[in-house]
Amino acid sequence: MTLSVLSRKEKERVIRRLLIQAPPGEFVNAFDDLCLLIRDEKLMHHQGECAGHQHCQKYSVPICIDGNPVLLSHHNVIGDYRFFDHQSKLSFKFDLLQNQLRDIQSHGIIRNETEYLRNVVLCGLKLYVNDHYPMGNCNVLRKTIKNKEFLIACIEDHNYETGDCWNGLWKSKWIFQINPFLTQVTGRIFVQAHFFRCVNLHIEISKDLKESLEVVNQAQLALSFARLVEEQENKFQAAVLEELQELSNEALRRIIRRDLPVTRTRIDWQRILSDLNLVMYPKLGYVIYSRSVLCNWII
């Protein structure tokens, strides 16, 4: 079925679904390509705004307010396509297509012990991020759920190299309740990469974690939390490198005509991607890799 025979509602669903599926760093490219197919500026603008709002939340898109990084997520959404930033005490809309803030308004917060602790935890987290990430960003948010106070720490770093045909994103989220003596930290680390030179290769790896932290005072909690994040992310990174090596040893054998040489060294993605056109089947396909090292080849 072609787009010309779809109803307007069907077009809206198709457009939004395609835009939401755009990998990190490629939303605007996907939007521009769809504009050439749809040729309906009003429809595309409306769907682009809706899908862009969801894209920002899904991939923790970073922006800058008064020189400070702000990560957009569903935790700082306040309705009507608006986000809220604790540091600047502002609410706003963000136009992903134009990469600009709109309709900026002041938004007050309650200054209490939780707000002071949020700032202390943010300072400790910034030290870790600045020491471990080339261009990393972090935020610490506070949220009240059923009269219980929670802190939510978010970390993001990315490298979008569209000219070199690859994009990559690392993000993590950590949530803990403000309790005396002991608190449980729930975390999720997520990595996504997209290579699109000669072959369309998507990699998504994630891990959920639960750990406990002792609470003595605010300074101790902030330092212990930063150490916990560092320890768990280092373990995750080592596991990712191991699984990528496993991908080169096993999964790629299913989609190429001859075995790759066994070198037992770190996989050279750039070389493999540049050489895959020599060994792939005649038609380019789509490869998707998950943490279970599942590869599907679709001609």
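Please treat every number below as a calculation from the coordinates, not as lab data. Model, not experiment: these values are computed from the prediction. Every residue, glycine among them, receives a Cβ derived from its backbone with ideal geometry; neighbour counts consider all protein chains shown.
Pairs of alpha carbons in the range 27-184 separated by more than 29 Å make up 25% of all such pairs. Protection proxy ranking, highest mean first, for peptides 218-229, 107-118, 166-177: 166-177, 218-229, 107-118, where packing is the per-residue count of other beta-carbon atoms within 10 Å, averaged.
For the modelled label position 7 Å from the Cα of Phe196 along Cα-to-Cβ, which residues of the range 1-41 have backbone nitrogen atoms closer than 18 Å? Residues 15-38 fall inside that zone.
Extension gain for the segment Met135 to Asn234, taken as residue separation times 0.36 nm less the Cα-Cα distance, is 33.9 nm to one decimal. Between the range 116-169 and the range 5-51, what's the alpha-carbon centroid distance in Å? Each part's Cα centre sits 29 Å from the other's.
The orientation-averaged projection of the convex hull spanning the C-alpha atoms of the range 80-156 amounts to 6.4 square nanometres. Extension gain for Leu36 to Thr144 (0.36 nm times residue separation, less C-alpha to C-alpha distance): 34.4 nm.
Quantify how much of the Cα-Cα distance distribution of the range 1-114 extends past 18 Å, in percent. Counting every Cα pair in the range 1-114, those more than 18 Å apart make up 53 percent. Distance distribution note for the range 132-191: the fraction of Cα pairs above 20 angstrom is 41%. In a fully extended conformation the segment linking Asn68 and Cys123 would gain 18.5 nm over its present Cα-Cα distance, using 0.36 nm per residue. For the range 27-45, there are no residues whose amide N sits under 14 Å from a probe point set 7 Å from the Cα of Val5 along the beta carbon direction. The Asp95 and Asn217 beta-carbon pair, evaluated with R₀ = 51 Å, returns a calculated FRET efficiency of approximately 0.75. Applying the Karplus relation 6.51 cos²θ - 1.76 cosθ + 1.60 with θ = phi - 60° to the range 88-93 yields 3J(HN,Hα) values of 8, 6, 10, 10, 6, 9 Hz, where x marks Gly and Pro.
A simple charge model with +1 on the Cβ of Lys and Arg, -1 on the Cβ of Asp and Glu and nothing else charged puts the dipole of the range 1-75 at about 380 debye relative to its Cα centre.
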